[in-house]
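Heads up: the structure comes next, in structure tokens.
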Amino acid sequence: MIEQLKTILLFALIGLSLFLTYSLWYGQKPAELIADDVYEQVDAESPRPLEKTIVPEIVVVPVDDGVFLYQKGDPDFDLIWDELSRLLQKIDNSFVSSAQSGPPEDATRCLSSHFEPLLPVGVDMPWLTGLPGGAVKKIDLYCFEDSYWLVIIESEGAERYLELEEDKVKGLNSVLADLAGDKEAEYSYLNQELVLEKAELEIDIIEPVYVPVEEMVMPKLNLKAEKLDQELLLKTFFVDYNLARVIEERDGGRLYTDGEKGLRLTDVGFEYSYPRLEEGQTSASYSEALRSSNSLISYHGGWPENLRLEKIGLTSRGGSFFYESEWQMYYNGYPLKTVQQTRFSFNDLGLIHFTRFLFEPAAGPETTADELALNAEKEKVFTAPWYDVVSRAVEVMEERIVGPASRLRLETIELVYVVTGTKAAPKGTPAWVVIINGEEIILEAGDLEIIDEEDLL
């Protein structure tokens, strides 16, 4: 009897061994091989076309003795860029820049568009397909009577010129004409002479810098953290997140890990890390990296309105090369500045690291326009004049300097919203951001009190 049981057990073990061997060779694929198939079914949002991936950092429209500035989040910004983008897409392989001359001396600059990240151009790109390739950092439109010229400044500084027929700029001219007089805030170009005259300071200016001519009025904002579908988000990072270990944290956060990669979810965003992929390299071109960034932001949470690709560049660490991409939310043309930035890094192996912390105005669908206007009226901030801002920033800078003082260089002065308050009730506080000698100084927009970085969410 015992011998029979041994025989049955032996046959059972042999059968199980054969079954497991069959499953290993012909059964379900391992997770890393099926990841793409599973992920493809759970996209948070379809990637955008390249035409919608890159937008200008700023558009400058000269008026009288000053300029109007347009940035992401300003409703008029999209109107201008859509028309300019269409114009650049119409310029085909007949564009031979070497045969073109620049605008006459009497021509007026009607528009300047600054690109950071750079605008990819050339064959297989939507814009300026007649160029041999590369990227553009600035495009100026000059007007003289019924003639128009584009001055295209490439990343290396080379200039190319193109004379345009009037009908090609008809759409852009129409938009600019409709916007004329609508913009209330006028800016002026800042140079050393103006700083010396108004602030009585000698300081170098890193061009271009624009400052408001008169005081601005900015409402304080009630904000809310971006609301993500956490189950959908988990599916974009894990083949089967139910198999991941879950660690509950004291601050309410939740950490998911499968032993190799980890995702930490909080009430205001997430952080993802896959350290093993740091050993990889990247062979992607700039345009391919743009497409990958577009896919990653769309795939892992989506691309909300007024979110802009702020920076993208090739970075190295420990002999490994990867792309790093930074993103910024805007409201009415002003950045929403947070201490925890939305950025990610990736290489040919995949996504290495991703932090996503986005805030948006808290007005819900039930909030009427009249209620929004009333709330804004109660919480208005009148901004200090720019020359007081520069003077105050120089004071702060001089207090921070240790050792011999160096020549001061003003790199940035801009109005932003800084995200402050608590995670349960975040606020958008109007502020000035000033960068001198690479040092960032944040001042409240009205009284110019210092806002420490630890006060930001």
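The values are calculated or read from the model by the stated rules, or taken from the named source; none is laboratory data. In this text the structure is predicted, and so the values were computed from the model without any measurement. Heads up, the Cβs are rebuilt from the backbone with ideal geometry, glycines too, and the neighbour counts pull from every protein chain shown.
Worth pointing out:
- Flag for residue 206 being surrounded by fewer than 18 Cβ atoms within 10 Å (Cβ to Cβ), in contact (Cβ under 8 Å) with a residue 60 or more places away in the chain and touching a Leu at 6+ places or on another chain (Cβ under 7 Å): yes
- All conditions but one from (1) surrounded by 16 or more Cβ atoms within 10 Å (Cβ to Cβ); (2) under 16 Å from residue 44 (Cα atoms); (3) without any contact (Cβ under 8 Å) to a residue 60 or more places away in the chain apply to residue 239; the one that does not is (3).
- Filtered residues of segment 422-434 (kept if surrounded by fewer than 18 Cβ atoms within 10 Å (Cβ to Cβ) and either among the hydroxyl-bearing types (Ser, Thr, Tyr) or modelled with pLDDT of 95 or more (or both)): 422
- Taken residue by residue, segment 103-122 has at least one member that is within 22 Å of residue 55 (Cβ to Cβ) and part of a loop (DSSP other than H, G, I, E, B).
- Residue within segment 298-307 that is more than 29 Å from residue 445 (Cβ to Cβ) and in a helix (DSSP H, G or I) present: yes
- Elements of type strands (runs of 3 or more DSSP E) contained in segment 402-457, each with 1 or more residues being touching a residue at least 12 places away in the same chain (Cβ under 8 Å) and within 19 Å of residue 361 (Cα to Cα): 409-421, 426-436
- Tally, over segment 331-347, of residues that are closer than 15 Å to residue 57 by Cα and over 14 Å from the mean Cα position of the chain (by Cα): 1
- Within segment 58-85, tally of residues that are under 15 Å from the mean Cα position of the chain (by Cα) and surrounded by fewer than 18 Cβ atoms within 10 Å (Cβ to Cβ): 0
- Candidates 112, 85, 101, 97 - the one that is at pLDDT below 60 and not aliphatic (A, V, I, L, M): 97
- Filter result for residue 259 (assigned to a helix (DSSP H, G or I) and either in the same structural domain as residue 135 (by TED's automatic domain parsing) or over 30 Å from residue 101 (Cβ atoms) (or both)): no
- Look at (1) farther than 30 Å from residue 415 by Cβ; (2) touching a Ser or Thr at 6+ places or on another chain (Cβ under 9 Å); (3) without any contact (Cβ under 8 Å) to a residue 24 or more places away in the chain and you find that residue 163 fails only one, number (3).
- Residue within segment 316-329 that is under 21 Å from residue 125 (Cα atoms) and crowded, with 18+ Cβ neighbours inside 10 Å present: yes
- Applying the criterion of at least 3 residues that are modelled with pLDDT of 95 or more to the strands (runs of 3 or more DSSP E) found wholly in segment 325-400 leaves 334-337, 342-347, 350-356.
- Segment 130-162, subset surrounded by 15 or more Cβ atoms within 10 Å (Cβ to Cβ) and among the charged types (D, E, K, R), residue farthest from the chain's Cα centre (by Cα): 160
- If you go through segment 290-317 and keep only what is among the β-branched types (Val, Ile, Thr) and either closer than 19 Å to residue 226 by Cβ or not assigned by TED's automatic domain parsing to the domain that holds residue 334 (or both), you end up with just 297.
- Enumerated helices (runs of 4 or more DSSP H) restricted to segment 131-250, each holding at least 3 residues that are within 30 Å of residue 388 (Cα to Cα): 192-198
- Scan of segment 259-291 for residues that are touching a Ser or Thr at 6+ places or on another chain (Cβ under 9 Å), under 28 Å from residue 246 (Cβ atoms) and charged (D, E, K, R), ordered by number: 261, 264, 271, 278, 279
- Candidates 269, 280, 252: the one that is at positive phi and either touching a helix residue (DSSP H, G or I) at 6+ places or on another chain (Cβ under 7 Å) or surrounded by fewer than 19 Cβ atoms within 10 Å (Cβ to Cβ) (or both) is 252.
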